[in-house]
Ligand SMILES: [Zn+2]
């Protein structure tokens, strides 16, 4: 370090400094070699702890931690959670809606439509009966209102569709956009491909923890048919449900939900990315002007970073193209320089957390290529709190057989790959 003056890598202050985990300890960070010492000041660390709390307790990450990282860093204490309802997938690959009560995950009362059968599940018999009765009341009339929230924030807008019973099914009649939703109606939520096998999650109808019955489906054209079939089947479910046994969720997997992803989560992700960059390229390089923007976006209270949670579609592609076979119980993180010209690279941070949550952040729009010459991978074993840094070749060789083959072929034909000369046999 010599006579270099110590400066906070984020705000340039001269301290006092506190230890900063390159990757959050609560998500599997490693104390051995992955701490930033005399690098981040106490004041910045204080700001970061607020973001991290949002990320680790109030986002989809919170649920992933509870389900997949049961003991936390200091064994015995389970991670805390403050999220709203989220979806989990049970050991049969079945998506079920859940809410939480403290750190306890509770299964919401629901019907799950699988092929030609309807399954019920709930925390207990009483809540299932209450739900089925409310649903029957809703479906008693010939006419039914289906409500979709069109906006998340203000101004709130809702699309209300009117359906009418016609023969076996409900038939769509009219729709309108309104500012206040009707009191009686069924809420609709459209899902993408939610489960691990990339099949659409089964359609389900459930009672939200804060009230309101929701139909969640991937098939917007089948709403009338689904509701018709539920109406016809409901009496037999109601009479038979006394014998239903409550489902226990065994080893559930987390499904994506972006409902509780806040601006603080975006900042926490960007901060993790920048910490990794500092760890990789050194403190001095990290003071480069190219990183000024991301640092100020992270620290500025009023600034918004771009949304960091990848949509399902992009996540699938990123997983396939950049990560392929991520080893079990590991997050996979990547610092990725993308050539934008001979003299400039864009530096991205891309990660798949808990095997299923894709995130990303731009760390520099335009940086000198020397700042980060090659991609750097990190595997974070979140059960053992162990981080491993890997070069692109090390990662590719161990976990990305398809790309390895592409590289061999590219080498055979052009003697280079992606503009970077290298010899893939020479490793
Ligand atoms: Zn600072």
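Computed FRET efficiency, Cβ-Cβ of residue 373 and residue 210, R0 45 Å: what is it to the nearest 0.05?
Efficiency for this residue pair is about 0.30.
Site pair residue 134 and residue 406 shows an inter-label distance of 4.8 nm when each label is modelled 7 Å from Cα along Cα→Cβ. A straight chain from residue 6 to residue 300 at 0.36 nm per residue would run longer than the Cα-Cα distance by 103.6 nm. Computed over the alpha-carbon atoms, the stretch 116-166 gives an Rg to Rh ratio of 1.10, Rh here being the Kirkwood radius from the mean inverse distance. Largest first and in whole Å, the equivalent-ellipsoid semi-axes of the stretch 285-344 read 26, 18, 13, each the square root of five times a Cα gyration tensor eigenvalue. Residues 341, 308, 209, 391, arranged from fewest to most other Cβ atoms within 10 angstrom of their Cβ, appear as 341, 391, 209, 308.
Each value in this text was obtained by applying a stated rule to the coordinates, not by laboratory testing. As the structure is a computational prediction, the values presented were derived from the model and not from experiment. Cβ: placed from backbone, ideal geometry, glycine included. Neighbour counts: every protein chain shown.
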